1. Can you list the aspartates and glutamates whose alpha carbon is less than 18 Å from that of Lys65, not counting same-chain residues fewer than 8 positions off?
2. Which of the aspartates and glutamates could be linked to Lys82 by a straight reach, that is with a Cα gap under 20 Å, when you skip same-chain ones fewer than 8 residues away?
3. What is the spread of the Cα atoms of segment 1-53 along each of their three principal axes, largest first, in whole Å?
4. Kindly express, to the nearest 10 degrees and within the range 0 to 90, the angle between helix 28-138's C-alpha long axis and the longest C-alpha principal axis of the chain.
5. If you line up the long axis of helix 6-22 against the longest principal axis of the chain, both from Cα atoms, how many degrees apart are they, to the nearest 10?
6. Considering the dipole of the chain built from charges on the beta carbon (Lys and Arg +1, Asp and Glu -1) around the Cα centre, which of Asn68, Gln36, Gln124 is farthest to its positive end?
7. Report, ordered by chain and residue number, the lysines lying within cross-link reach of Lys88, taken as a straight Cα distance under 18 Å and ignoring same-chain residues fewer than 8 apart.
8. Binned at 5 Å from 0, what are the whole-percent values of the Cα-Cα distance distribution for segment 36-99, short to long?
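Just so you know, all these numbers are worked out from the coordinates, no wet-lab data involved. Because the structure is predicted, anything quoted here is derived from the model rather than measured. Heads up, the Cβs are rebuilt from the backbone with ideal geometry, glycines too, and the neighbour counts pull from every protein chain shown.
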Amino acid sequence: MLKLDLNLLWTVVDVLILYVLLRKFLFKPIQNVLDQRQKTIEADIEAAQTSKTEAAAALTTAQDKLRNVDNEAAARREAYEKQAEVEKQQLLADAQKQADEIVAAGKAAVEIERQNKLREADAQATALARSMCEKLLKHNLTAQDDDQLLDDLLQKAGAGNGN
């Protein structure tokens, strides 16, 4: 049989007391720290997941806004281009209208000047014809008088034209 000796009994009691003390003062606090650490890690993981989800939602929202801004910018650019084209056409039409008015005014001025010159030429021709008629009626013409009148007429006509 087994012999129990007092030393062995004290060793067993000491080991049991040591176990109880270690369990109470060492293992429980360590287990509590480990449990607390596990809870903190789980909370951090959950917070990270939440942050990741929120970041993904924010990214999606930002991308949608960016697409909308791009679309809006393209629409505005197109509208501005159309407006610029309309204004360009209007400016071209106004410039053409002004050019036509200037050309018409120039043609009218030329026509007025032409009419004035024709009136002056008619007046000079009438005056010359009247002068000739008066000279013819005053006396009988000979061939020499006829040549003289013709020379006078040509000189007056030349002087009237500025020659």
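1. Excluding near neighbours in sequence, the set is Glu54.
2. Counting by Cα, and skipping residues close in sequence, Lys82 has these aspartates and glutamates nearby: Asp70, Glu72, Asp94.
3. 70, 22, 7
4. Orientation of helix 28-138: about 0 degrees from the principal axis.
5. 20 degrees
6. Looking along the dipole axis, the top candidate is Gln36.
7. Lys97
8. Using 5 Å bins, I get a P(r) of 4, 14, 9, 10, 7, 9, 6, 7, 6, 6, 5, 4, 4, 3, 2, 2, 1, 1, 0 for segment 36-99.
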